[in-house]
Amino acid sequence: MPRAFLTSGGNESKMKSHSLEDFRTMTEIYDFAAIEAKWQKAWEDERAFEAREDPSRPKYYCLEMYPYPSGRIHMGHVRNYSIGDVIARQKRMAGASVLHPIGWDALGMPAENAAIKHGTHPQTWTLDNVAHMRTQLKRMGISYDWSREVNTCLPDYYRWNQWIFLRMLERGLAFRKESWVNWCSQCQTVLANEQVVGGGCWRCDTPVTQKKMEQWFLKITAYADELLSGHAALGKWPEHVLQMQKNWIGRSTGAHVRFGLDGTSKDIEVFTTRIDTIYGATFLVVSAEHPVVPDLVAGPKEKELGAWVARTVAEMRKRRDIGETEKDGVDTGKTAVNPFTGERVPVWIANYVLMDFGTGAIMGVPAHDGRDFEFARTYRIPIRTVIAPADRAGERFDAEPAEVFEQAGVLVNSGPFDGLASDKAMDEMGKFAEEKGFGRRSTIFRLRDWGISRQRYWGTPIPVIYCDGCGIVGVPDADLPVELPFDVKLTGEEGSPLERLESFVHTTCPKCHGPARRETDTMDTFVDSSWYFFRYCSPRETALPFRPEAAKHWLPVDLYIGGVEHAILHLIYSRFFTKVLRDFGLTDISEPFPHYLAQGMVTKDGSAMSKSKGNIVDPDEILARYGVDALRLFILFASPPDKEFAWAEEGLEGCYRFLVRVWALVLEDLDVFSAPAAAPGGPGDAAAQVIKKTHQTIRKVTEDIGIRFHLNTAISSIMELCNLTRKERDALRATDSGRQALRQALESIIRLLSPFAPHLAEELWERTGHQGLLMLSAWPAYDPALARDEMATVVVQINGKVRDRFEALPDLPEAELEAAALALPKIQAALGGKPPRKVISVRNKLVSIVS
RNA sequence: GGGCAGAUGGCGGAAUUGGCAGACGCGCUAGGCUUAGGACCUAGUUCCUGAUGAAGGAGUGCGGGUUCGAGUCCCGCUCUGCCUACCA
């Protein structure tokens, strides 16, 4: 544990030399707690964090994912918000008008669970947590514009969820449908597909079961294509996040083809991405949940088939989304006609065909699909090759193949389509099916519409009224918000608490004024977070969810920072909402977050910090011992923002020590800040070196923050400048020009450090005689001429091995470098008098000799 | 099964465009200061050979390749992490 002072004192009398140590003994202690409190108050008094629409400056919207008010902030928050704050503070100093807001994702199940467990009202629990976490964030000195704070559990926020919902309802983007839903028996609620993780509830891990219910859905599938094509504008997103979204949307191009079911007038429609293989379709498989199943089961074997189907359906419902199950199928004895060949193929029912993807029926082409191959082998179904590798197109393929061939190739055994390449055939055969009227080329998506109904209390009431006469009626805008009633009993029993609250349910129809019932489901909380970044632009707007001109000014978000765990859910929903709001005419942007920085996990001892692992480090405790600036600095220094961050207390101490060294170094040299301007005369070696390093450091830190977002290397370069300055300090103090260089170096260290360690930096800024807040002063500029190295180190290699090096003037022509290199004694010795076979020279870098 | 990312000293990591591998920090070693110190200061710290030094050799998960030159590009593996998973 560090001590917040530098020495034990006791030798103040030893002042004869000017060594750093001796000065240190006189230096005031680094009292981070007092400094933090002082500057946090100063920033608040000056309203320094407030964003103003200022047309004279470029805008910058820096956003971090808003927190769920669970009670206390954790290291993941600290990391997220520290990264964002460095960017926001640096941009502000660099001249941008910065919007850096914060709010609370305050609706959701934990509040309700806490209510059930402890008898506290969800609202009380949530608002208490918000109050505590707000204090914690303020204590971290994050430069949030608190005047724009939003809280989604307050009616002045969630009324706009309702407003947006009603507009979607009017346009058919919100609709009601009965469907099988994912049900968590622990949380007693429906889960969206995205909230089912590995077959369990994303929150409590309880195995998810299926239940049929009437639900509200948002038509995200209407935007499936655009959500995919929009990726083109997301060049600054991590590739793996785009890939995840792409997989989630799951666009497949192929064809629908109808097979006539013998003995009935019905068709079985299949979807395939490989219509080129259709001559090899030797069976059909339908899902056990398919509507045609009763027709297939009917007949002599009805009893056993029916039993099999019932068992399989039950099994599929229970085990949905859980790993690989044994493939199981049953031959119905029925046949269907392949419209391309006229051939009759057996129809099977199986457990591996999903009802909710494609048509719920597939054609089995065992020769060219691994699963079909396996299935055909098990049940002794014929396997027929219809695609040959391109280089074997002329051969005969009459025998059953020994293994599956899944690649594209050239068609064989395919009647008139023989000899076509797969891609050509897909097109031709699709057209053929369209002409004959038994199929069509088509595109389908894996993406499902977004089920938003939740049978819970602590969410946005869905603003809909059911009237026996008028049907489903949206609540009129004038009656918004539909407020959550406060006096509710939370027992944890099945069903919504609102449903049991007669005073809430009972209402009158807005159309006919007859008695009617309110919808008692509430919205998925992902609705709240799908548009909160719009609200920040005009958080007190009362006529609309946000003022369109304000949104036009601030959006899109220039940099969005947050955990990759939201790569699918939140980020896809937000993109969807943005497009919907655009189509409402409220905004003209299509993508809310052109630049997304996916922050890495915070781990300790090899695994993510979590309560269950018992490896939590409480930020409050660290703050008390080392101060905010040390914590911020360390969490940014230890690894780049997008990589995993492993907590190690020793590293934190290193950062603390660095801050103390900066503190001491500046305070011991306060006199150079009051000295008159440098006397004329060339700078000494030390001064020249320090000046150059200062300008190089400004350049590096500016680029590392603003271009590369490598905050760790920005910090290490400030450390380097500090190290050099400390080393050269005595030499610098000896001359006027040296003192000038020292002053410049120290001032730069303070300014460059200010986004990372803002409190310490402000204090030193003030103590070095500056007026006004450092955070509102200009970001330092560097002089490219001064940052330039006046000599370049040129490496000389022989056969790829470094044999010598020499200093050369910058940009010396290659021929001169070569001559200089060949003249070096070491090189001559190594060459042994023989002329080199080849020499390659690169300006400012190296001479490579092949002997 | 598929996708993505990664693998560099004792540890976290750096190397931005194919050009001095190991910046910066931690840890460790020695010395100084000190009643003492887990504080602070100075020096050292990739590995191997060399008593030390001078010097030499090896070296970025493994195997190949391209190149004057590869941590970086290409091909093939291994392992780790994350995501996804009967997607027709």
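The values are calculated or read from the model by the stated rules, or taken from the named source; none is laboratory data. Predicted model only: the values in this text are computed from it and were never measured. When we count neighbours, we look across all protein chains shown, and the Cβ atoms used for this are built from the backbone with ideal geometry, even at glycine. In case anyone asks, the SASA skips ligands and DNA or RNA and just uses the protein heavy atoms, side chains included. Shrake-Rupley method; radii C 1.70, N 1.55, O 1.52, S 1.80 Å.
Specify which of the listed residues (A:E502, A:E541, A:E549) is under 30 Å from A:I116 (Cα atoms), without any contact (Cβ under 8 Å) to a residue 60 or more places away in the chain and either crowded, with 17+ Cβ neighbours inside 10 Å or not basic (K, R) (or both). Give the derivation first.
Values: A:E541 fails: under 30 Å from A:I116 (Cα atoms); A:E549 fails: under 30 Å from A:I116 (Cα atoms).
Within the list A:E502, A:E541, A:E549, the selection yields A:E502.
Considering each residue of region A:696-711, count those that are over 14 Å from A:L753 (Cβ atoms) and either open to solvent by 30 Å² or more (accessible area, probe 1.4 Å) or touching a strand residue (DSSP E or B) at 6+ places or on another chain (Cβ under 7 Å) (or both), and give that number. So that I can check it myself, show each step before the final result.
Here is the first cut: in region A:696-711, the residues over 14 Å from A:L753 (Cβ atoms) are A:696, A:699, A:703, A:706-710.
Filter once more, so that each one left must be either open to solvent by 30 Å² or more (accessible area, probe 1.4 Å) or touching a strand residue (DSSP E or B) at 6+ places or on another chain (Cβ under 7 Å) (or both): A:696, A:699, A:703, A:707-710.
So the answer is 7.
Yes or no: region A:543-563 includes at least one residue that is within 23 Å of A:Q455 (Cα to Cα) and within 16 Å of RNA strand B (Cβ to nearest atom). Explain how you work it out, then say what you get.
Initial filter on region A:543-563 (within 23 Å of A:Q455 (Cα to Cα)): none.
Scanning region A:543-563, I find no residue that is within 23 Å of A:Q455 (Cα to Cα) and within 16 Å of RNA strand B (Cβ to nearest atom), so the answer is no.
Being touching a residue at least 60 places away in the same chain (Cβ under 8 Å) and among the aliphatic types (A, V, I, L, M) is the filter here; which residues of region A:220-238 pass it?
A:I220, A:A224, A:L227, A:A233, A:L234
Given the criteria within 30 Å of A:L411 (Cα to Cα), more than 9 Å from RNA strand B (Cβ to nearest atom) and modelled with pLDDT under 90, does A:G299 qualify?
Numbers: within 30 Å of A:L411 (Cα to Cα): no; more than 9 Å from RNA strand B (Cβ to nearest atom): yes; modelled with pLDDT under 90: yes.
Here the answer is no, as A:G299 does not meet what is asked.
Which residue pairs have Cβ atoms under 8 Å apart, sit 6 or more places apart or on different chains, and have a first residue in region A:787-805 that is touching a residue at least 60 places away in the same chain (Cβ under 8 Å) and hydrophobic (A, V, I, L, M, F, W, C) and a second that is open to solvent by 30 Å² or more (accessible area, probe 1.4 Å) and more than 10 Å from RNA strand B (Cβ to nearest atom)?
Partner pairs satisfying both residue conditions: A:A787/A:K692.
Which ones in region A:277-292 are under 12 Å from A:D369 (Cβ atoms) and in contact with a helix residue (DSSP H, G or I) (Cβ under 6 Å, 6 or more places away or on another chain)?
A:T277, A:G280
Of A:I164, A:I142, which residue is outside the structural domain of A:V580 (by TED's automatic domain parsing) and open to solvent by less than 20 Å² (accessible area, probe 1.4 Å)? Break it down stepwise before answering.
Details: A:I142 fails: outside the structural domain of A:V580 (by TED's automatic domain parsing).
The match here is A:I164.
Scan region A:507-546 for residues that are in a helix (DSSP H, G or I) and either more than 20 Å from the chain's Cα centre (by Cα) or not β-branched (V, I, T) (or both) and jot them down. First the steps, then the outcome.
Of region A:507-546, the ones in a helix (DSSP H, G or I) are A:526-529, A:532-535.
Selection gives A:F526, A:D528, A:S529, A:Y532, A:F533, A:F534, A:R535.
For region A:29-82, which positions are among the acidic types (D, E), farther than 25 Å from A:Y532 by Cβ and open to solvent by 40 Å² or more (accessible area, probe 1.4 Å)? Write out each step before concluding.
Here is the first cut: in region A:29-82, the ones among the acidic types (D, E) are A:31, A:36, A:44-46, A:50, A:53-54, A:64.
Of the ones still in play, those that are also farther than 25 Å from A:Y532 by Cβ are A:31, A:36, A:45-46.
Selection gives A:D31, A:D45, A:E46.
Output the residues belonging to region A:609-647 that are out of contact with any strand residue (DSSP E or B) (no Cβ under 7 Å at 6 or more places or on another chain), among the hydrophobic types (A, V, I, L, M, F, W, C) and open to solvent by 40 Å² or more (accessible area, probe 1.4 Å). Before the answer, list the steps.
In the first step, residues of region A:609-647 are kept if they are out of contact with any strand residue (DSSP E or B) (no Cβ under 7 Å at 6 or more places or on another chain); the result is A:610-612, A:614, A:616, A:618-634, A:636-637, A:640, A:643.
After this cut, where a residue has to be among the hydrophobic types (A, V, I, L, M, F, W, C) as well, the list is A:616, A:622-624, A:628, A:630-631, A:633-634, A:636-637.
A:I616, A:A624, A:F637, listed by residue number.
Working only within region A:547-573, note down all residues that are at pLDDT 95 or above, in a helix (DSSP H, G or I) and either of a type outside the set (F, W, Y) or closer than 22 Å to A:A608 by Cβ (or both).
A:P548, A:E549, A:A550, A:A551, A:K552, A:H553, listed by residue number.
Residues of region A:712-738 being crowded, with 18+ Cβ neighbours inside 10 Å, closer than 14 Å to A:L665 by Cβ and more than 13 Å from RNA strand B (Cβ to nearest atom), which ones?
Residue satisfying the conditions is A:L732 alone.
Could you run through region A:450-471 and say how many residues are among the small types (G, A, S) and surrounded by fewer than 24 Cβ atoms within 10 Å (Cβ to Cβ)? Lay out the reasoning, then the answer.
Filtering region A:450-471 down to residues among the small types (G, A, S) leaves A:451, A:453, A:459, A:469, A:471.
Filter once more, so that each one left must be surrounded by fewer than 24 Cβ atoms within 10 Å (Cβ to Cβ): A:451, A:469, A:471.
Adding up the residues that qualify gives 3.
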